[in-house]
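Right, one structure below, let's go through it.
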Number of protein chains: 2
Amino acid sequence: MPARSLLGPMISSGKVIKLFYDISSPYSWLAFEVLCRYKNIWNVELKLKPAYLAGVMYGSGNQPPVLNPSKLLYMTSDLTLLSQYFGVPMYRPSKLIKKDSVIPMRFVTAVAEKEKDGDDLVEKVSRELWKRMWSTHQDIVQPASLTEVGIKAGFSANEVDDILILAKSQQIKDRLTSITNEALKYKCFGLPFIVVQVDGKAGVFFGSDRFELMAYFLGEKWFGPHPT
Amino acid sequence: MPARSLLGPMISSGKVIKLFYDISSPYSWLAFEVLCRYKNIWNVELKLKPAYLAGVMYGSGNQPPVLNPSKLLYMTSDLTLLSQYFGVPMYRPSKLIKKDSVIPMRFVTAVAEKEKDGDDLVEKVSRELWKRMWSTHQDIVQPASLTEVGIKAGFSANEVDDILILAKSQQIKDRLTSITNEALKYKCFGLPFIVVQVDGKAGVFFGSDRFELMAYFLGEKWFGPHPT
(Lines give C-alpha, C1' and ligand atoms only; values in the text may rest on other atoms or scores of the structure.)
Protein backbone atom coordinates (compact mmCIF):
# COMPACT_ATOMS: atom_id res chain seq x y z
CA MET A 1 0.00 0.00 0.00
CA PRO A 2 2.39 2.74 -1.15
CA ALA A 3 -0.21 5.51 -0.79
CA ARG A 4 -0.75 4.65 2.85
CA SER A 5 2.91 4.18 3.60
CA LEU A 6 3.51 7.84 2.81
CA LEU A 7 1.34 8.79 5.74
CA GLY A 8 3.91 7.82 8.31
CA PRO A 9 1.82 6.77 11.30
CA MET A 10 -0.34 4.58 9.09
CA ILE A 11 2.60 2.40 8.12
CA SER A 12 1.88 -1.03 9.43
CA SER A 13 4.68 -3.17 10.76
CA GLY A 14 2.55 -6.15 9.86
CA LYS A 15 2.99 -7.43 13.41
CA VAL A 16 -0.28 -8.25 15.09
CA ILE A 17 -1.00 -9.46 18.61
CA LYS A 18 -4.47 -10.76 19.39
CA LEU A 19 -5.20 -10.91 23.09
CA PHE A 20 -8.11 -13.18 24.00
CA TYR A 21 -9.16 -12.40 27.56
CA ASP A 22 -11.93 -12.43 30.13
CA ILE A 23 -12.13 -10.05 33.08
CA SER A 24 -12.79 -13.01 35.38
CA SER A 25 -9.20 -14.12 34.72
CA PRO A 26 -6.60 -12.30 36.85
CA TYR A 27 -3.75 -13.57 34.67
CA SER A 28 -5.55 -11.94 31.73
CA TRP A 29 -5.31 -8.61 33.52
CA LEU A 30 -1.53 -8.98 33.83
CA ALA A 31 -1.20 -9.85 30.13
CA PHE A 32 -3.50 -6.98 29.16
CA GLU A 33 -1.47 -4.37 31.08
CA VAL A 34 1.87 -5.66 29.81
CA LEU A 35 0.72 -5.73 26.19
CA CYS A 36 -0.79 -2.23 26.51
CA ARG A 37 2.62 -1.06 27.78
CA TYR A 38 4.53 -2.83 25.00
CA LYS A 39 2.36 -2.30 21.91
CA ASN A 40 4.21 0.87 20.89
CA ILE A 41 7.63 -0.37 22.01
CA TRP A 42 7.26 -3.51 19.90
CA ASN A 43 5.41 -1.61 17.18
CA VAL A 44 2.61 -4.14 17.05
CA GLU A 45 -1.06 -3.77 16.36
CA LEU A 46 -2.74 -5.00 19.54
CA LYS A 47 -6.19 -6.41 18.92
CA LEU A 48 -8.24 -6.80 22.08
CA LYS A 49 -10.45 -9.88 21.88
CA PRO A 50 -12.91 -10.04 24.76
CA ALA A 51 -13.93 -13.69 25.03
CA TYR A 52 -15.82 -15.91 27.48
CA LEU A 53 -13.63 -18.01 29.73
CA ALA A 54 -16.28 -20.59 30.64
CA GLY A 55 -16.88 -21.15 26.90
CA VAL A 56 -13.15 -21.65 26.32
CA MET A 57 -12.88 -24.17 29.17
CA TYR A 58 -15.95 -26.06 28.01
CA GLY A 59 -14.96 -25.98 24.34
CA SER A 60 -11.42 -27.23 25.01
CA GLY A 61 -12.41 -29.82 27.61
CA ASN A 62 -10.13 -28.20 30.16
CA GLN A 63 -10.74 -27.89 33.88
CA PRO A 64 -10.48 -24.56 35.72
CA PRO A 65 -7.26 -24.63 37.80
CA VAL A 66 -9.10 -23.30 40.85
CA LEU A 67 -10.87 -26.67 41.15
CA ASN A 68 -7.60 -28.24 42.30
CA PRO A 69 -6.87 -27.19 45.93
CA SER A 70 -3.08 -27.18 45.41
CA LYS A 71 -3.34 -25.07 42.26
CA LEU A 72 -5.72 -22.67 43.99
CA LEU A 73 -3.25 -22.22 46.84
CA TYR A 74 -0.42 -21.70 44.36
CA MET A 75 -2.38 -19.11 42.38
CA THR A 76 -2.91 -17.09 45.53
CA SER A 77 0.79 -16.68 46.29
CA ASP A 78 1.71 -16.49 42.59
CA LEU A 79 -0.77 -13.68 41.88
CA THR A 80 0.23 -11.77 45.01
CA LEU A 81 3.87 -11.74 43.93
CA LEU A 82 3.08 -11.14 40.25
CA SER A 83 0.77 -8.22 41.00
CA GLN A 84 3.57 -6.55 42.99
CA TYR A 85 6.18 -7.25 40.34
CA PHE A 86 3.97 -6.25 37.40
CA GLY A 87 2.55 -3.21 39.20
CA VAL A 88 -1.04 -4.32 38.65
CA PRO A 89 -3.02 -3.47 41.76
CA MET A 90 -4.68 -6.71 42.74
CA TYR A 91 -5.88 -6.81 46.29
CA ARG A 92 -6.40 -10.14 47.98
CA PRO A 93 -6.36 -12.25 44.82
CA SER A 94 -6.97 -15.10 47.24
CA LYS A 95 -10.62 -14.23 46.80
CA LEU A 96 -10.68 -16.37 43.68
CA ILE A 97 -14.39 -16.83 43.87
CA LYS A 98 -15.87 -18.34 40.78
CA LYS A 99 -18.11 -15.75 39.18
CA ASP A 100 -19.77 -16.16 35.86
CA SER A 101 -18.55 -13.38 33.62
CA VAL A 102 -21.06 -13.58 30.81
CA ILE A 103 -22.82 -10.33 31.76
CA PRO A 104 -19.70 -8.13 32.03
CA MET A 105 -18.15 -9.77 28.95
CA ARG A 106 -21.30 -9.03 26.92
CA PHE A 107 -21.04 -5.47 28.16
CA VAL A 108 -17.43 -5.26 26.93
CA THR A 109 -18.51 -6.85 23.65
CA ALA A 110 -21.23 -4.22 23.23
CA VAL A 111 -18.63 -1.51 23.79
CA ALA A 112 -16.49 -3.14 21.09
CA GLU A 113 -19.51 -3.16 18.76
CA LYS A 114 -20.13 0.55 19.35
CA GLU A 115 -16.47 1.49 19.01
CA LYS A 116 -15.79 1.57 15.30
CA ASP A 117 -12.22 2.82 15.32
CA GLY A 118 -9.58 1.15 17.49
CA ASP A 119 -10.30 -0.15 20.96
CA ASP A 120 -9.46 2.61 23.43
CA LEU A 121 -12.89 2.34 25.04
CA VAL A 122 -12.75 -1.45 25.18
CA GLU A 123 -9.40 -1.05 26.94
CA LYS A 124 -10.78 1.43 29.48
CA VAL A 125 -13.96 -0.53 30.20
CA SER A 126 -12.01 -3.79 30.61
CA ARG A 127 -9.57 -2.17 33.03
CA GLU A 128 -12.41 -0.73 35.13
CA LEU A 129 -14.02 -4.16 35.33
CA TRP A 130 -10.75 -5.81 36.38
CA LYS A 131 -10.29 -3.15 39.05
CA ARG A 132 -13.74 -3.81 40.43
CA MET A 133 -13.28 -7.55 40.40
CA TRP A 134 -9.67 -7.82 41.62
CA SER A 135 -8.85 -4.56 43.42
CA THR A 136 -11.98 -3.19 45.06
CA HIS A 137 -14.08 -6.38 44.98
CA GLN A 138 -17.21 -4.64 43.77
CA ASP A 139 -20.13 -6.06 41.86
CA ILE A 140 -19.71 -6.45 38.07
CA VAL A 141 -23.08 -7.74 36.94
CA GLN A 142 -25.76 -5.24 38.06
CA PRO A 143 -26.76 -2.49 35.58
CA ALA A 144 -25.82 0.20 38.12
CA SER A 145 -22.33 -1.29 38.42
CA LEU A 146 -21.85 -1.47 34.66
CA THR A 147 -23.15 2.09 34.32
CA GLU A 148 -20.47 3.22 36.76
CA VAL A 149 -17.86 1.34 34.73
CA GLY A 150 -19.06 2.94 31.49
CA ILE A 151 -19.05 6.45 32.92
CA LYS A 152 -15.56 5.99 34.37
CA ALA A 153 -14.43 4.91 30.91
CA GLY A 154 -15.75 8.15 29.41
CA PHE A 155 -19.25 7.36 28.14
CA SER A 156 -22.23 9.60 28.86
CA ALA A 157 -25.14 8.22 30.88
CA ASN A 158 -27.24 7.97 27.72
CA GLU A 159 -24.52 6.14 25.85
CA VAL A 160 -24.20 3.64 28.70
CA ASP A 161 -27.96 3.04 28.60
CA ASP A 162 -27.67 2.20 24.90
CA ILE A 163 -24.76 -0.15 25.58
CA LEU A 164 -26.68 -1.92 28.35
CA ILE A 165 -29.57 -2.54 25.95
CA LEU A 166 -27.24 -3.61 23.17
CA ALA A 167 -25.44 -6.00 25.55
CA LYS A 168 -28.64 -8.03 25.88
CA SER A 169 -29.17 -8.39 22.13
CA GLN A 170 -28.74 -11.59 20.15
CA GLN A 171 -26.19 -9.78 18.00
CA ILE A 172 -23.88 -9.27 20.99
CA LYS A 173 -24.43 -12.75 22.38
CA ASP A 174 -23.44 -14.09 18.96
CA ARG A 175 -20.43 -11.81 18.74
CA LEU A 176 -19.07 -12.99 22.12
CA THR A 177 -19.62 -16.60 21.07
CA SER A 178 -17.91 -15.92 17.77
CA ILE A 179 -14.78 -14.45 19.42
CA THR A 180 -14.70 -17.34 21.89
CA ASN A 181 -14.89 -19.74 18.95
CA GLU A 182 -12.10 -17.83 17.20
CA ALA A 183 -9.91 -18.53 20.25
CA LEU A 184 -10.90 -22.20 20.20
CA LYS A 185 -9.90 -22.42 16.52
CA TYR A 186 -6.37 -21.52 17.68
CA LYS A 187 -6.68 -24.50 20.08
CA CYS A 188 -7.00 -22.21 23.07
CA PHE A 189 -7.54 -24.02 26.39
CA GLY A 190 -7.56 -21.10 28.85
CA LEU A 191 -7.19 -17.33 29.08
CA PRO A 192 -5.27 -15.18 28.48
CA PHE A 193 -4.42 -16.67 25.11
CA ILE A 194 -2.22 -14.59 22.87
CA VAL A 195 -1.75 -15.04 19.13
CA VAL A 196 1.31 -13.32 17.68
CA GLN A 197 1.55 -12.85 13.92
CA VAL A 198 4.86 -11.72 12.45
CA ASP A 199 6.65 -12.29 9.14
CA GLY A 200 3.98 -14.66 7.91
CA LYS A 201 4.24 -16.94 10.94
CA ALA A 202 1.95 -17.20 13.95
CA GLY A 203 2.80 -18.21 17.49
CA VAL A 204 0.44 -18.86 20.35
CA PHE A 205 1.23 -18.06 23.96
CA PHE A 206 -0.87 -19.06 26.96
CA GLY A 207 -0.86 -17.15 30.24
CA SER A 208 1.01 -14.09 31.43
CA ASP A 209 4.46 -15.67 31.65
CA ARG A 210 5.68 -15.80 28.07
CA PHE A 211 6.47 -12.14 27.33
CA GLU A 212 10.23 -12.66 27.21
CA LEU A 213 9.70 -15.57 24.82
CA MET A 214 7.19 -13.52 22.83
CA ALA A 215 9.82 -10.78 22.40
CA TYR A 216 12.25 -13.42 21.11
CA PHE A 217 9.59 -14.68 18.68
CA LEU A 218 8.95 -11.11 17.49
CA GLY A 219 12.64 -10.26 17.22
CA GLU A 220 12.09 -7.56 19.86
CA LYS A 221 13.46 -6.93 23.35
CA TRP A 222 11.90 -7.61 26.73
CA PHE A 223 12.71 -4.98 29.35
CA GLY A 224 10.66 -6.49 32.18
CA PRO A 225 7.12 -5.53 33.14
CA HIS A 226 7.97 -1.81 33.48
CA PRO A 227 9.52 -0.84 30.15
CA THR A 228 9.35 2.93 30.53
CA MET B 1 28.86 -20.15 62.57
CA PRO B 2 31.87 -17.83 62.88
CA ALA B 3 34.44 -20.63 62.55
CA ARG B 4 33.00 -21.67 59.23
CA SER B 5 32.63 -18.14 57.95
CA LEU B 6 36.42 -17.72 58.05
CA LEU B 7 36.75 -20.38 55.39
CA GLY B 8 35.46 -18.18 52.59
CA PRO B 9 33.86 -20.63 50.21
CA MET B 10 31.93 -22.21 53.07
CA ILE B 11 30.10 -18.97 53.81
CA SER B 12 26.47 -19.63 53.24
CA SER B 13 24.23 -16.92 51.87
CA GLY B 14 21.38 -18.72 53.54
CA LYS B 15 19.55 -18.75 50.20
CA VAL B 16 18.38 -22.19 49.21
CA ILE B 17 16.61 -23.38 46.08
CA LYS B 18 15.11 -26.86 46.07
CA LEU B 19 14.34 -28.14 42.59
CA PHE B 20 11.88 -31.03 42.51
CA TYR B 21 12.06 -32.65 39.09
CA ASP B 22 11.55 -35.77 37.03
CA ILE B 23 13.42 -36.55 33.83
CA SER B 24 10.13 -37.38 32.12
CA SER B 25 9.24 -33.69 32.37
CA PRO B 26 10.77 -31.54 29.61
CA TYR B 27 9.93 -28.33 31.48
CA SER B 28 11.95 -29.76 34.38
CA TRP B 29 14.97 -29.95 32.09
CA LEU B 30 14.66 -26.25 31.25
CA ALA B 31 14.40 -25.32 34.92
CA PHE B 32 17.32 -27.60 35.81
CA GLU B 33 19.65 -26.03 33.23
CA VAL B 34 18.68 -22.46 34.12
CA LEU B 35 19.15 -23.04 37.85
CA CYS B 36 22.51 -24.76 37.25
CA ARG B 37 23.56 -21.65 35.27
CA TYR B 38 22.30 -19.25 37.95
CA LYS B 39 23.25 -20.95 41.23
CA ASN B 40 26.60 -19.13 41.45
CA ILE B 41 25.28 -15.86 40.01
CA TRP B 42 22.51 -15.74 42.59
CA ASN B 43 24.78 -17.25 45.25
CA VAL B 44 22.21 -19.86 46.22
CA GLU B 45 22.58 -23.40 47.42
CA LEU B 46 20.82 -25.47 44.76
CA LYS B 47 19.43 -28.71 46.14
CA LEU B 48 18.48 -31.20 43.44
CA LYS B 49 15.42 -33.19 44.46
CA PRO B 50 14.74 -36.05 42.05
CA ALA B 51 11.05 -36.91 42.51
CA TYR B 52 8.43 -39.03 40.77
CA LEU B 53 6.05 -37.09 38.52
CA ALA B 54 3.30 -39.71 38.46
CA GLY B 55 3.31 -39.70 42.28
CA VAL B 56 3.02 -35.92 42.33
CA MET B 57 0.10 -35.95 39.90
CA TYR B 58 -1.68 -38.70 41.80
CA GLY B 59 -0.98 -37.17 45.21
CA SER B 60 -2.23 -33.71 44.19
CA GLY B 61 -5.22 -34.95 42.19
CA ASN B 62 -3.95 -33.17 39.10
CA GLN B 63 -4.27 -34.36 35.52
CA PRO B 64 -1.26 -34.55 33.18
CA PRO B 65 -1.56 -31.69 30.65
CA VAL B 66 -0.80 -34.05 27.76
CA LEU B 67 -4.22 -35.66 28.27
CA ASN B 68 -5.86 -32.52 26.86
CA PRO B 69 -5.39 -32.40 23.05
CA SER B 70 -5.19 -28.58 22.96
CA LYS B 71 -2.62 -28.48 25.75
CA LEU B 72 -0.58 -31.22 24.07
CA LEU B 73 -0.52 -29.24 20.84
CA TYR B 74 0.47 -26.10 22.73
CA MET B 75 3.29 -27.87 24.57
CA THR B 76 4.77 -28.96 21.27
CA SER B 77 5.15 -25.44 19.89
CA ASP B 78 5.96 -23.99 23.31
CA LEU B 79 8.77 -26.48 23.97
CA THR B 80 10.19 -26.07 20.47
CA LEU B 81 10.50 -22.31 20.94
CA LEU B 82 11.65 -22.57 24.58
CA SER B 83 14.35 -25.11 23.75
CA GLN B 84 15.75 -22.74 21.12
CA TYR B 85 15.55 -19.73 23.39
CA PHE B 86 16.96 -21.53 26.46
CA GLY B 87 19.63 -23.36 24.49
CA VAL B 88 18.51 -26.76 25.75
CA PRO B 89 18.81 -29.23 22.91
CA MET B 90 15.40 -30.86 22.69
CA TYR B 91 14.71 -32.58 19.43
CA ARG B 92 11.15 -33.17 18.35
CA PRO B 93 9.55 -32.54 21.73
CA SER B 94 6.35 -33.34 19.90
CA LYS B 95 7.15 -36.93 20.78
CA LEU B 96 5.54 -36.39 24.15
CA ILE B 97 4.93 -40.07 24.63
CA LYS B 98 3.90 -40.96 28.13
CA LYS B 99 6.65 -43.05 29.66
CA ASP B 100 6.72 -44.17 33.22
CA SER B 101 9.86 -42.79 34.80
CA VAL B 102 10.03 -44.81 37.98
CA ILE B 103 13.05 -46.87 36.83
CA PRO B 104 15.26 -43.97 35.74
CA MET B 105 14.18 -41.88 38.76
CA ARG B 106 15.12 -44.72 41.12
CA PHE B 107 18.47 -44.84 39.32
CA VAL B 108 18.97 -41.09 39.92
CA THR B 109 17.89 -41.56 43.54
CA ALA B 110 20.47 -44.33 43.98
CA VAL B 111 23.14 -41.99 42.60
CA ALA B 112 22.01 -39.38 45.15
CA GLU B 113 22.29 -42.02 47.90
CA LYS B 114 25.84 -42.91 46.85
CA GLU B 115 26.95 -39.29 46.46
CA LYS B 116 27.64 -38.06 49.95
CA ASP B 117 28.98 -34.61 49.17
CA GLY B 118 27.04 -32.24 46.89
CA ASP B 119 25.18 -33.42 43.83
CA ASP B 120 27.54 -33.12 40.86
CA LEU B 121 26.89 -36.73 39.88
CA VAL B 122 23.14 -36.42 40.30
CA GLU B 123 23.35 -33.40 37.99
CA LYS B 124 25.36 -35.28 35.36
CA VAL B 125 23.22 -38.41 35.47
CA SER B 126 20.00 -36.39 35.25
CA ARG B 127 21.28 -34.42 32.26
CA GLU B 128 22.28 -37.63 30.45
CA LEU B 129 18.82 -39.07 31.03
CA TRP B 130 17.12 -35.93 29.73
CA LYS B 131 19.35 -36.00 26.65
CA ARG B 132 18.37 -39.60 25.94
CA MET B 133 14.70 -38.95 26.47
CA TRP B 134 14.35 -35.54 24.75
CA SER B 135 17.30 -35.19 22.37
CA THR B 136 18.29 -38.58 21.07
CA HIS B 137 15.10 -40.48 21.95
CA GLN B 138 16.93 -43.48 23.36
CA ASP B 139 15.73 -45.99 25.90
CA ILE B 140 15.97 -44.99 29.58
CA VAL B 141 14.77 -48.08 31.42
CA GLN B 142 16.99 -51.01 30.38
CA PRO B 143 20.06 -51.76 32.53
CA ALA B 144 22.35 -51.36 29.47
CA SER B 145 20.92 -47.89 28.88
CA LEU B 146 21.36 -46.85 32.50
CA THR B 147 24.89 -48.25 32.48
CA GLU B 148 25.68 -46.04 29.52
CA VAL B 149 24.24 -43.05 31.38
CA GLY B 150 26.29 -43.84 34.49
CA ILE B 151 29.53 -44.22 32.55
CA LYS B 152 28.95 -40.97 30.65
CA ALA B 153 28.44 -39.28 34.01
CA GLY B 154 31.85 -40.52 35.18
CA PHE B 155 31.18 -43.75 37.09
CA SER B 156 33.20 -46.92 36.53
CA ALA B 157 31.42 -50.01 35.21
CA ASN B 158 31.62 -51.60 38.68
CA GLU B 159 30.18 -48.52 40.35
CA VAL B 160 27.28 -48.51 37.91
CA ASP B 161 26.59 -52.17 38.68
CA ASP B 162 26.36 -51.30 42.37
CA ILE B 163 24.03 -48.41 41.61
CA LEU B 164 21.78 -50.62 39.48
CA ILE B 165 21.47 -53.07 42.37
CA LEU B 166 20.92 -50.28 44.88
CA ALA B 167 18.24 -48.74 42.63
CA LYS B 168 16.08 -51.84 43.12
CA SER B 169 16.32 -51.79 46.92
CA GLN B 170 13.48 -50.88 49.27
CA GLN B 171 15.67 -48.14 50.69
CA ILE B 172 15.77 -46.35 47.34
CA LYS B 173 12.10 -46.91 46.59
CA ASP B 174 11.35 -45.34 49.97
CA ARG B 175 13.72 -42.45 49.37
CA LEU B 176 12.07 -41.57 46.05
CA THR B 177 8.65 -41.76 47.71
CA SER B 178 9.90 -39.61 50.56
CA ILE B 179 11.17 -36.85 48.23
CA THR B 180 7.93 -36.99 46.25
CA ASN B 181 6.02 -36.61 49.52
CA GLU B 182 8.27 -33.71 50.49
CA ALA B 183 7.17 -31.96 47.27
CA LEU B 184 3.52 -32.74 48.04
CA LYS B 185 3.92 -31.18 51.49
CA TYR B 186 4.71 -27.92 49.68
CA LYS B 187 1.37 -28.43 47.83
CA CYS B 188 3.16 -29.32 44.62
CA PHE B 189 0.83 -30.27 41.74
CA GLY B 190 3.31 -30.82 38.91
CA LEU B 191 7.01 -30.68 38.05
CA PRO B 192 9.29 -28.81 38.00
CA PHE B 193 8.38 -27.38 41.38
CA ILE B 194 10.85 -24.96 42.90
CA VAL B 195 11.00 -23.91 46.54
CA VAL B 196 13.02 -20.76 47.20
CA GLN B 197 14.07 -19.97 50.76
CA VAL B 198 15.51 -16.55 51.50
CA ASP B 199 15.52 -14.23 54.53
CA GLY B 200 13.30 -16.53 56.51
CA LYS B 201 10.58 -16.64 53.86
CA ALA B 202 9.79 -19.35 51.33
CA GLY B 203 8.27 -19.01 47.89
CA VAL B 204 7.10 -21.74 45.58
CA PHE B 205 7.34 -21.57 41.80
CA PHE B 206 5.82 -24.02 39.37
CA GLY B 207 7.19 -24.60 35.88
CA SER B 208 10.08 -23.12 33.97
CA ASP B 209 8.59 -19.67 33.43
CA ARG B 210 9.04 -17.93 36.77
CA PHE B 211 12.79 -17.20 36.81
CA GLU B 212 12.40 -13.45 36.39
CA LEU B 213 9.89 -13.45 39.25
CA MET B 214 12.18 -15.74 41.27
CA ALA B 215 15.02 -13.24 40.85
CA TYR B 216 12.68 -10.50 42.13
CA PHE B 217 11.75 -12.68 45.10
CA LEU B 218 15.44 -13.31 45.83
CA GLY B 219 16.42 -9.67 45.36
CA GLU B 220 18.66 -10.76 42.50
CA LYS B 221 18.78 -9.99 38.77
CA TRP B 222 17.51 -11.98 35.82
CA PHE B 223 19.73 -11.74 32.74
CA GLY B 224 17.73 -14.10 30.53
CA PRO B 225 18.43 -17.79 30.01
CA HIS B 226 22.06 -17.20 28.98
CA PRO B 227 23.57 -15.21 31.86
CA THR B 228 27.23 -15.62 30.92
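The values are calculated or read from the model by the stated rules, or taken from the named source; none is laboratory data. Remember, predicted model here, so these are calculated numbers, not experimental data. Note: ideal-geometry Cβ built from the backbone for every residue, glycine included; neighbour counts use all protein chains shown. Areas reflect the complete protein model, heavy atoms only, side chains present, ligands, DNA and RNA absent. Shrake-Rupley method; radii C 1.70, N 1.55, O 1.52, S 1.80 Å.
Give me, ordered by chain and number, the residues 5 or more places off B:Lys47 or on other chains with an amide H under 5 Å from its own placed amide H.
The list, which skips near neighbours in sequence, is B:Ile17, B:Lys18, B:Leu19.
Using the Kirkwood radius built from alpha carbon pairs, what does the Stokes-Einstein equation give as D for segment B:126-207 at 4 °C and 1.567 mPa s, in µm² per second?
86 µm²/s
Chain A: which residue's Cβ hugs the A-to-B rotation axis most tightly, distance rounded to whole Å?
Closest to the axis: A:Asp209, 2.
Quick check: from the Cα gyration tensor, does segment B:12-218 come out rounded (a/c under 1.5), prolate or oblate?
Rounded, since a/c falls under 1.5.
Taking every residue in A:67-74, how many Cβ atoms of other protein chains lie within 10 Å of its Cβ, on average?
6
Considering only segment B:12-218, what is the antiparallel percent among its DSSP beta bridges, to the nearest 5?
In segment B:12-218, approximately 65 percent of DSSP beta bridges are antiparallel ones.
Go through B:Asn158, A:Tyr27, A:Ser101 and say which Cα lies farthest out towards the positive end of the charge dipole of the protein assembly as shown; charges sit on Cβ, +1 for Lys and Arg, -1 for Asp and Glu.
A:Ser101
Taking a probe of 1.4 Å, how large is the accessible area per residue of segment A:99-228, in Å²?
Ligands and nucleic acids excluded, the result is 46 Å² per residue.
Given +1 on the Cβ of Lys and Arg, -1 on the Cβ of Asp and Glu, and no further charges, what dipole in debye does the protein assembly as shown carry about its Cα centre, rounded to the nearest 20?
300 debye
For segment B:185-200, which residues drop by 20 square angstrom or more in accessible area between the chain on its own and all protein chains together (1.4 Å probe)?
Residues of segment B:185-200 that lose at least 20 Å² of accessible area once the other chains are added: B:Lys187, B:Phe189.
Only Lys, Arg, Asp and Glu count, each charged at its Cβ (+1, +1, -1, -1), so figure out the dipole size of segment B:12-218 about its Cα centre, rounded to 20 debye.
It comes to approximately 440 debye.
Output wanted: per-residue J couplings in Hz (rounded whole) for segment B:26-36, from phi through Karplus 6.51 cos²θ - 1.76 cosθ + 1.60, θ = phi - 60°, x for Gly and Pro.
Ordered by residue, 3J(HN,Hα) equals x, 5, 5, 4, 4, 5, 4, 5, 5, 5, 5 Hz.
Averaged across orientations, what area in nm² does the convex hull of the alpha carbons in the protein assembly as shown project?
That works out to 24.9 nm².
Using a probe radius of 1.4 Å on protein heavy atoms only, what is the accessible area buried between chains A and B, both sides summed, to the nearest 100 Å²?
Chains A and B together bury roughly 2800 Å² of accessible area.
What are the ³J(HN,Hα) values, in whole Hz, obtained from phi via the Karplus relation 6.51 cos²θ - 1.76 cosθ + 1.60 with θ = phi - 60°, for each residue of segment B:105-121 in sequence order, with x given for Gly and Pro?
Rounded to whole hertz, the list is 6, 5, 4, 4, 5, 5, 4, 4, 5, 6, 7, 7, 10, x, 9, 4, 6.
Output ³J(HN,Hα) for segment B:205-214: one whole-Hz value per residue in order, computed from phi by the Karplus curve 6.51 cos²θ - 1.76 cosθ + 1.60 with θ = phi - 60°, and x for Gly and Pro.
Here the 3J(HN,Hα) series is 9, 9, x, 10, 10, 10, 5, 4, 5, 4 Hz.
How many Cβ atoms of partner chains, on average, are near each residue of A:48-61 if near means within 10 Å of its Cβ?
Shielding by partners across A:48-61 averages 1.
How large a share of the accessible area of segment B:12-218, in percent, is made up of carbon and sulfur atoms when the probe is 1.4 Å and the other protein chains stay in place?
Of the solvent-accessible surface of segment B:12-218, carbon and sulfur hold 53 percent.
Past 28 Å, Cα to Cα: identify those pairs from A:Lys39/A:Lys114; A:Lys116/A:Lys168; A:Lys99/B:Lys15; B:Lys15/B:Lys185; A:Lys47/B:Lys39; A:Lys99/A:Lys201, in the order given.
A:Lys99/B:Lys15; A:Lys47/B:Lys39; A:Lys99/A:Lys201
How far is the Cα center of segment B:28-93 from the Cα center of segment A:166-180, in Å?
Comparing the Cα centres of segment B:28-93 and segment A:166-180, I get a distance of 39 Å.
I'd like the FRET efficiency for A:Ile103 and A:Lys201, computed as 1/(1 + (r/R0)^6) with the beta carbon distance as r and R0 of 45 Å, rounded to 0.05.
0.75
Restricting everything to alpha-carbon atoms, can you work out Rg to Rh for segment A:167-214 with a Kirkwood hydrodynamic radius?
1.09
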